[in-house]
Amino acid sequence: MPGYYVKIILIGYVGITLLFLANISYGQVSSLLTGTSGQIQNRYADLGDGDSIAVSMIKGVEPGPVFTILAGIHGFEYPPILAVQRILKTIDPQKLKGSLIVIPLASESSFFGRSVFIHPKDGKNLNRVFPGNEEGSATERIAAFLSREIIPISDVFLDIHGGDAGEDLLPFVCYYERKDALVQLKMARKLTIAAGFEYNVVYPYTLKSNQPSEYAFKEAVQQGKTALSIEAGKLGSADVADIDLIEKGIRNMLIEMQMISGSIHTAVDQKWIFGPDYLKVPISGLFYSDIKAGDQVSKGQLLGHITNVFGEVLQEIHSEYEGIILYKIGTPPVNAGETMFCIGRIIE
Ligand SMILES: [Zn+2]
């Protein structure tokens, strides 16, 4: 009897799985937008060569903007992934205006492989290969799918990251200052303010139309979309405070867009940083530093030192810039050429 019972449940479960996870192929994502209002459609999009990507389409009851939320470009950055899980669980399509496209885990192979920055199949960093290539390697095909299928049908594109397994990071919201797309730029700024983070970063935008965007949300900006990114979490942890911060940031943006109801409470004194500076690793070795993300540093200040494997000091690291540490390498191994510190000066 118990065996028979289990069998029925299994059959039922397989049936439900097929119903909700039917594969879709290229060109079919936009058709999900025309589906029945007030519904959530969960699908896997086929990327070829045995690879696929999860897409959740949440269509509200009232017409409105299409807001895309993307997590898991880097599979070791857990707070973005877990915050988006909360959004999937709590957004009620019956109370939603417009549509949400949620990509809960852009690189499942990186997530399940516990891979830092890179896709385990081809060793590429997904956030360096945009706009990607439909015929290319596993990473390039994910980028191509997002560039061709998701970004063009999005009004707002939000890509969420954090400090990866080896990065210490101060949470912030950021966008590109694309001055020849003023409507989108103003909206990006409005949504950044609404998110309610203490630190907010504006990157200069100098990309030519024929240059590869490399980054997911930069690709969206290049395509003329309102795009922004949230950064929260650090050092491979899944800290609840970071998950809370991201979830609140997303909700505040959706309230600002009038896609969900509610009111925005931003209690913090928002600080702005334009065009942060980067300090690169001068020589590979073991990195020692007492400086943390969020610390204020001055020009010339000793930030740490690098040794060889015998413990001999190879080089002291002095800051070339004044400002606040937005993120830094937070673990001992450093490789020449990597970004060691990102330092931003707060605009008064
Ligand atoms: Zn990332």
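Check 284, 261 and return the single one that is on the phi < 0 side of the Ramachandran plot, modelled with pLDDT of 95 or more, over 23 Å from the mean Cα position of the chain (by Cα) and not assigned by TED's automatic domain parsing to the domain that holds residue 313. Before you say what the answer is, go through the steps one by one.
On the way: 284 fails: not assigned by TED's automatic domain parsing to the domain that holds residue 313.
Step by step, each of 284, 261 is checked, and only 261 is on the phi < 0 side of the Ramachandran plot, modelled with pLDDT of 95 or more, over 23 Å from the mean Cα position of the chain (by Cα) and not assigned by TED's automatic domain parsing to the domain that holds residue 313.
Can you work out which of the residues in the range 130-163 that are of a type in the set (Ser, Thr, Tyr) and part of a helix (DSSP H, G or I) is farthest from residue 47 (Cα to Cα)? Lay out the reasoning, then the answer.
Just the residues of the range 130-163 that are of a type in the set (Ser, Thr, Tyr), to begin with: 137, 139, 147, 154.
Pick out the ones that are also part of a helix (DSSP H, G or I) and you get 139, 147.
Values: 139: 10, 147: 13 Å.
Among residues in the range 130-163 that are of a type in the set (Ser, Thr, Tyr) and part of a helix (DSSP H, G or I), the one farthest from residue 47 (Cα to Cα) is 147.
What tally of residues in the range 216-235 results from selecting those that are surrounded by fewer than 24 Cβ atoms within 10 Å (Cβ to Cβ) and farther than 27 Å from residue 144 by Cα?
Total satisfying the criteria: 1.
List the strands (runs of 3 or more DSSP E) inside the range 38-87, counting only whole elements, that have at least 1 residues being within 16 Å of the ligand (Cβ to nearest atom) and closer than 19 Å to residue 195 by Cβ. First the steps, then the outcome.
Working: elements: 39-48, 51-59, 62-70.
Qualifying strands (runs of 3 or more DSSP E): 62-70.
Restricting attention to the range 188-215, which residues are surrounded by 18 or more Cβ atoms within 10 Å (Cβ to Cβ) and at positive phi?
196 - this is the single residue of the range 188-215 that is surrounded by 18 or more Cβ atoms within 10 Å (Cβ to Cβ) and at positive phi.
Which of the residues belonging to the range 171-187 are more than 16 Å from the ligand (Cβ to nearest atom), farther than 18 Å from residue 130 by Cβ and crowded, with 21+ Cβ neighbours inside 10 Å?
The one that is more than 16 Å from the ligand (Cβ to nearest atom), farther than 18 Å from residue 130 by Cβ and crowded, with 21+ Cβ neighbours inside 10 Å: 187.
May I ask you to list the residues in the range 297-330 that are more than 23 Å from residue 201 (Cβ to Cβ) and β-branched (Val, Ile, Thr)?
Those that are more than 23 Å from residue 201 (Cβ to Cβ) and β-branched (Val, Ile, Thr): 306, 307, 309, 313.
I'd like to know if the range 100-114 contains one or more residues that are in a loop (DSSP other than H, G, I, E, B) and either touching a Pro at 6+ places or on another chain (Cβ under 6 Å) or β-branched (Val, Ile, Thr) (or both). Break it down into steps so the answer makes sense when it comes.
As a first pass, look at the range 100-114 and keep what is in a loop (DSSP other than H, G, I, E, B): 104-107, 113-114.
Pick out the ones that are also either touching a Pro at 6+ places or on another chain (Cβ under 6 Å) or β-branched (Val, Ile, Thr) (or both) and you get 113.
Checked against the condition, which is being in a loop (DSSP other than H, G, I, E, B) and either touching a Pro at 6+ places or on another chain (Cβ under 6 Å) or β-branched (Val, Ile, Thr) (or both), the range 100-114 yields at least one hit.
When you scan the range 105-116, do you find a residue that is at pLDDT 95 or above, of a type outside the set (Gly, Ala, Ser) and more than 16 Å from the ligand (Cβ to nearest atom), even just one?
yes
Hey, any hits in the range 161-170 for a residue that's closer than 30 Å to residue 31 by Cβ, assigned by TED's automatic domain parsing to the domain that holds residue 57 and surrounded by 17 or more Cβ atoms within 10 Å (Cβ to Cβ)? Show your work before the answer.
Our first condition is that a residue be closer than 30 Å to residue 31 by Cβ; within the range 161-170, this holds for 161.
Adding the requirement that they be assigned by TED's automatic domain parsing to the domain that holds residue 57 leaves 161.
Keeping just the survivors that are surrounded by 17 or more Cβ atoms within 10 Å (Cβ to Cβ) gives 161.
The answer is yes, given that some residue of the range 161-170 is closer than 30 Å to residue 31 by Cβ, assigned by TED's automatic domain parsing to the domain that holds residue 57 and surrounded by 17 or more Cβ atoms within 10 Å (Cβ to Cβ).
With in contact (Cβ under 8 Å) with a residue 12 or more places away in the chain and under 22 Å from residue 338 (Cα atoms) as the only criterion, which of 114, 86 stands out?
On the way: 86 fails: under 22 Å from residue 338 (Cα atoms).
The match here is 114.
Yes/no matrix, rows are residues, columns are (1) crowded, with 19+ Cβ neighbours inside 10 Å; (2) within 25 Å of residue 231 (Cβ to Cβ); (3) in contact (Cβ under 8 Å) with a residue 12 or more places away in the chain; (4) in the same structural domain as residue 190 (by TED's automatic domain parsing):
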site: 290; (1), (2), (3), (4): no, yes, yes, no
site: 295; (1), (2), (3), (4): no, yes, yes, no
site: 300; (1), (2), (3), (4): no, no, yes, no
site: 310; (1), (2), (3), (4): no, no, no, no
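Do you know which of the residues in the range 87-121 that are of a type in the set (Ser, Thr, Tyr) and touching a Lys or Arg at 6+ places or on another chain (Cβ under 7 Å) is surrounded by the fewest Cβ atoms within 10 Å (Cβ to Cβ)? Before the answer, list the steps.
So in the range 87-121, the residues of a type in the set (Ser, Thr, Tyr) come out as 90, 99, 107, 109-110, 115.
With touching a Lys or Arg at 6+ places or on another chain (Cβ under 7 Å) added as a condition, the list becomes 99, 109.
Values: 99: 24, 109: 18.
For the range 87-121, the residue satisfying everything is 109.
Considering only residues that are more than 15 Å from the ligand (Cβ to nearest atom) and touching a residue at least 24 places away in the same chain (Cβ under 8 Å), look in the range 122-140 and name the one that is surrounded by the fewest Cβ atoms within 10 Å (Cβ to Cβ).
Within the range 122-140, the subset more than 15 Å from the ligand (Cβ to nearest atom) is 122-123, 131-138, 140.
Now narrow it down to the ones that are touching a residue at least 24 places away in the same chain (Cβ under 8 Å): 131, 134, 138.
Details: 131: 20, 134: 15, 138: 21.
Filtering first and then ranking leaves 134.
Go through the range 168-183 and give me each residue that's assigned to a strand (DSSP E or B) and more than 15 Å from the chain's Cα centre (by Cα). Before you say what the answer is, go through the steps one by one.
Start the filter on the range 168-183 by keeping residues that are assigned to a strand (DSSP E or B), which leaves 168-169, 172-177.
Those that are assigned to a strand (DSSP E or B) and more than 15 Å from the chain's Cα centre (by Cα): 168, 177.
Going by the structure shown, is residue 233 assigned to a loop (DSSP other than H, G, I, E, B), within 16 Å of the ligand (Cβ to nearest atom) and either farther than 21 Å from residue 68 by Cβ or in the same structural domain as residue 179 (by TED's automatic domain parsing) (or both)? I'd like the intermediate steps shown before the answer.
Numbers: assigned to a loop (DSSP other than H, G, I, E, B): yes; within 16 Å of the ligand (Cβ to nearest atom): yes; either farther than 21 Å from residue 68 by Cβ or in the same structural domain as residue 179 (by TED's automatic domain parsing) (or both): yes.
The answer is yes for residue 233.
The values are calculated or read from the model by the stated rules, or taken from the named source; none is laboratory data. Keep in mind the model is a prediction, meaning the values are calculated, not measured. Every residue, glycine as well, gets a Cβ built from its backbone with ideal geometry; the counts of neighbours run over all protein chains shown.
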